[in-house]
1. Quickly work out the B:Thr79-to-A:Ser173 label distance, labels modelled 7 Å from Cα along the C-beta direction, and quote it in nm with one decimal.
2. Would you look at the GNM of chain B, springs on alpha carbons closer than 10 Å, and say which of B:Cys52, B:Cys370, B:Cys313 moves the most?
3. About the Cα centre of the protein assembly as shown, what is the dipole size in debye to 20, counting +1 per Lys and Arg Cβ and -1 per Asp and Glu Cβ, all else neutral?
4. Tell me, A:Ile118, A:Ile162, A:Ile246 in order of fewest to most beta-carbon neighbours within 10 Å?
5. So, R0 is 45 Å and r is the distance between the beta-carbons of B:Thr30 and B:Ile132; what FRET efficiency does that work out to, to 0.05?
6. Please arrange B:Val160, A:Val182 by how many other C-beta atoms lie within 10 Å of their C-beta, fewest to most.
7. How much FRET efficiency would the formula 1/(1 + (r/R0)^6) give for A:Arg116 and B:Asp324, where r is the Cβ-Cβ distance and R0 is 60 Å, rounded to 0.05?
8. Tell me, what is a quarter of the convex hull surface for the C-alpha atoms of segment B:296-399, in nm² with one decimal?
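No value in this document is a laboratory result; all are computed from the given coordinates. Since the structure is predicted, the reported quantities are computational estimates derived from the model, not experimental observations. Backbone-built Cβ (ideal geometry, glycine too); neighbour counts: all protein chains shown.
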There are 2 protein chains.
Amino acid sequence: MLFKDLLNDGTGKIVMLVFDGLGGVPHPDTGQTELEAATVPNLDSIASRSACGLMNMVDYGITPGSGPGHMALFGYDPTGVEVGRGVLEALGVGHTQADDELSARGNFATMDPDSRRITDRRGGPPNQDRNIELVARLNNLVTVPGYEVKFLSGKEHRFVFILKGADLDDSLSETDPQVTGVPSPPVEAQDPAAAGAADAVNRAITAINEALVEFGPQNTVLLRGFAKVPDVEPFPARYGLKSAAIATYPMYKGIASLVGMDVLDTGPSFPDQVAALKAEWDRYDFFFVHVKGTDGYGHKGDFDGKVRVLSECDRLIPEIESQDPAVLIVTGDHSTPTALKDHSFHPVPVLVRADTAIPTGNQHFTEADCAGGILGVFPGSKLMQLALAYAGRLKKFGA
Amino acid sequence: MLFKDLLNDGTGKIVMLVFDGLGGVPHPDTGQTELEAATVPNLDSIASRSACGLMNMVDYGITPGSGPGHMALFGYDPTGVEVGRGVLEALGVGHTQADDELSARGNFATMDPDSRRITDRRGGPPNQDRNIELVARLNNLVTVPGYEVKFLSGKEHRFVFILKGADLDDSLSETDPQVTGVPSPPVEAQDPAAAGAADAVNRAITAINEALVEFGPQNTVLLRGFAKVPDVEPFPARYGLKSAAIATYPMYKGIASLVGMDVLDTGPSFPDQVAALKAEWDRYDFFFVHVKGTDGYGHKGDFDGKVRVLSECDRLIPEIESQDPAVLIVTGDHSTPTALKDHSFHPVPVLVRADTAIPTGNQHFTEADCAGGILGVFPGSKLMQLALAYAGRLKKFGA
C-alpha cells in the first residue's frame with residue numbers, strides 16, 4: 001500500500017463518527033430521505049465547510065454486511081478480509097475471539113431420537129431462561145480432550161460455539177441441513193488443513209448430543225459459519241495512529257478490538273460517548289465513535305425513529321467539533337433505508353471537515369448534496385487514506 | 001465476480017434502452033449539446049425520479065468502438081473481451097459467427113498481374129452490383145479442402161471472409177500492405193497454434209486470385225482483422241436473466257446474439273420496437289432496446305437530425321415505463337457528438353429509474369445534470385451490477 005511509505009510525523013487528530021446504516025432512500029410519501037427529513041443544523045453547518053462525497057463500501061450495487069462495511073471504513077479491502085459469521089456472532093454476544101479460537105453460530109434444534117432426523121431446526125419456543133440453562137449445561141458437560149470448548153448464550157434458539165486449541169482451520173462444512181426430515185451431517189474438512197478441526201468439532205457434537213439427550217425439543221444443535229479471526233495488520237500500526245473505539249454494542253466494540261483499537265468505557269447514550277471522547281481526548285490520535293440507533297430504526301422500518309436519532313445526536317456534534325480535531329469525519333458503514341428495512345447497496349454519505357476541505361455550495365448533509373461534493377463517489381476503503389491526508393499525515397509521493 | 005455469489009431469486013424486470021452514440025458536446029454556435037437542445041419532457045421527467053450519472057465505457061479519455069461499448073453495457077470487461085473486427089464486420093452484414101468460424105474484413109483490390117504488386121487497395125469504383133457478382137463468383141469457385149469458405153457482400157469494396165473448420169486460431173497477420181507498390185504479404189501465424197489457420201487462409205487466397213484473374217480492377221483481395229468469436233459467459237446465465245434484444249441493425253442484433261440474448265423480431269421504427277417489447281413482455285426478465293439513429297446522425301454531423309431522433313423517441317418512452325419495469329435504464333454505448341462526426345471519449349449520460357433511486361434535484365436528462373447525479377462518474381461495465389441491485393436481485397455481502 002502506497003500510503004504506508006508516506007506516513008510522516010504529523011500529529012493531527014482524526015474523529016470518525018459512524019452512524020450505522022446512515023444512508024436512506026426517499027420516503028414513498030414525502031420523497032425525502034431520513035437525512036433530508038432530519039433537523040441537523042450542526043451537521044448541515046459542518047457539511048457546508050467540508051469535503052463531501054458518497055462511498056461504495058464494497059462495490060457498485062453491492063450491499064455490505066456490518067463486517068465488510070466496517071473493514072472498508074477502517075481501510076481494509078472488504079472483499080479480501082473476511083470477518084466470518086461465527087466471529088461476528090461471538091462479537092455480538094461480547095466475546096472477542098482469540099487467534100487460537102474457532103467459532104460458529106449455533107441453533108438449538110430437535111431431532112427424532114431414533115432416526116436422528118432433524119424435525120425442527122429451531123427446537124421449541126424461544127425462551128431466554130431455557131437458553132441460559134442449556135448453555136450452562138453444555139459448558140459443564142461437554143469436553144473434547146486436547147481442546148477447550150465454550151458456549152455463549154444468544155437470543156432465542158441461538159448460541160455461540162467456541163473451540164480453542166492449536167492449528168484449528170476454519171475450512172469446515174456446516175451441520176445445518178437447511179431442511180427437516182434428514183439427519184444433521186457431520187462436519188467435513190473442506191481443506192486438508194482442517195481435518196483436525198473437523199474431528200474435534202464432531203467429537204464436541206457427539207458430547208453435546210449426549211448432554212442434551214433428555215432435553216426434549218432442544219436435544220441437538222446445528223452449527224454454521226465456522227470462522228477464525230481474520231489475519232489483519234493492526235490498525236494503529238498500519239496508520240501510525242493511537243486508536244480508540246467508543247461504541248455501545250458488543251459487535252462494534254468487537255470489530256474495533258479485532259483490528260487492534262482500544263475499546264473505551266462508555267455509558268449507553270450518545271452524550272455518554274461524547275463524554276468518553278472528551279475524557280480520553282489527549283491519549284489518542286484516532287477515535288471511532290459508533291452510533292447504533294440509526295441502523296436499528298432502519299431495520300424496523302421506523303422512519304421517524306431514525307430521523308430522531310440523527311436530530312438528537314446532531315445537538316452534541318458541536319461538543320465533538322470543539323475538541324478541534326484536525327479531521328472530523330461523519331459517515332456510515334452502509335445504508336439501511338427504513339423503506340427497505342434492511343441494509344442496502346446505496347452509497348453512503350460522508351463529510352470530511354478539515355482546514356483544507358473544499359466545500360461545493362450550500363450543502364446539507366444529505367445523500368443528494370453529497371453527490372455534488374468534492375470527493376465524488378469513491379470506494380469506502382479509501383476513506384482512511386483521505387483522513388490521513390486531510391490530517392497532514394502523508395508525505396509527497398515521488399520527487 | 002462478487003455479484004455472481006449474491007444473485008437471489010428476485011424477479012424484477014430490467015429494461016436497458018440504449019441510444020447509440022447518445023452523448024454529445026456543446027454546439028459551437030449555441031453552446032448546447034444534443035440532449036440539451038432536444039425536447040424530451042418524458043426523459044426529463046424520468047431523470048427527475050432517477051439515479052443519474054455518467055459512464056466511462058472503457059476508461060477515462062478512451063473512445064469506445066461499438067464492440068467495447070456494448071460489452072461494457074452488458075457488464076463484461078471491455079478490455080478483457082475483444083470482439084474482433086472480423087466478427088463485427090460479419091455481424092454488420094447479418095452473420096452471427098459460430099464458434100468454429102474465423103472471419104476477416106476483406107477489400108477487393110487491384111494488383112499488377114506480372115509483379116503482383118498492389119496498385120490500388122480499393123480496386124475500381126464502388127459498385128454494389130459488381131460486389132455481389134464477385135462475391136457470388138468466389139462462393140462458387142473458392143474451396144479449401146478440409147474447410148468451408150464463405151464470402152458475404154459488404155458495401156463498396158468490402159466483403160466478409162469466413163473460414164469454418166476445426167482448431168482455427170485467430171492469431172494471424174494481415175494481408176493488407178497498407179501502401180501500394182508492394183505485393184500483399186501472405187498470412188503468418190503469430191502464435192504456433194495458428195499455423196493451420198494461416199495455411200488454410202493462404203490456400204484460400206491462392207484460390208481467390210485464380211478465380212479473379214480476369215476481373216480487372218478487382219483481381220485480388222486484402223484481408224484484415226482475423227477474428228473468432230470471443231469466449232464469454234452467456235449473459236442470461238451470468239445474471240440469471242432471461243434476456244431479449246430488440247434492435248434494428250444487424251451488428252447490434254449480432255452482439256446481443258453473441259452474448260446469448262434472444263433476438264426478437266421487430267419492424268424498423270422505434271414504435272415497432274416498443275410494440276415488440278410489449279408483445280414479449282411476459283416472456284423475459286431483461287430487454288436490451290437499441291436505437292441506431294442517434295449515432296447515424298452523429299457520424300453525419302447532423303445536429304438537428306440527432307436531436308430529432310431523441311425527441312421522437314421521447315414520445316414513446318411512457319409506453320415503456322407503463323409496462324412498469326422494476327428498473328428502466330436509458331443510456332448510450334458511447335458518445336457520438338455531431339461536432340466531431342465520430343465516436344468520442346466523452347462519458348455517457350445514464351439514468352436508472354427504480355423505486356429506491358435517489359434523485360438529486362431538478363434534473364434534465366443531459367450530460368451536465370447527470371454529472372451531479374447520485375451515481376457519479378463510474379465504469380460502464382458496473383452498470384449491470386447496479387441494475388441487478390436496483391432490481392432487488394442481489395443478496396447482502398458478508399454478515
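1. Reported label-point gap for A:Ser173 and B:Thr79 is 4.2 nm.
2. B:Cys313
3. Numbers: 68 positive and 104 negative charges, 61 e Å.
With only Lys, Arg, Asp and Glu charged at Cβ, the dipole is about 300 debye.
4. A:Ile162, A:Ile118, A:Ile246
5. Working: r = 44 Å, r/R0 = 0.98.
Between B:Thr30 and B:Ile132 the formula returns 0.55.
6. Values: B:Val160 27, A:Val182 12.
The most exposed by this proxy come first: A:Val182, B:Val160.
7. Details: r = 50 Å, r/R0 = 0.83.
My answer for the efficiency is 0.75.
8. Numbers: hull surface 31.9 nm².
For segment B:296-399, averaging the hull's shadow over all directions gives 8.0 nm².
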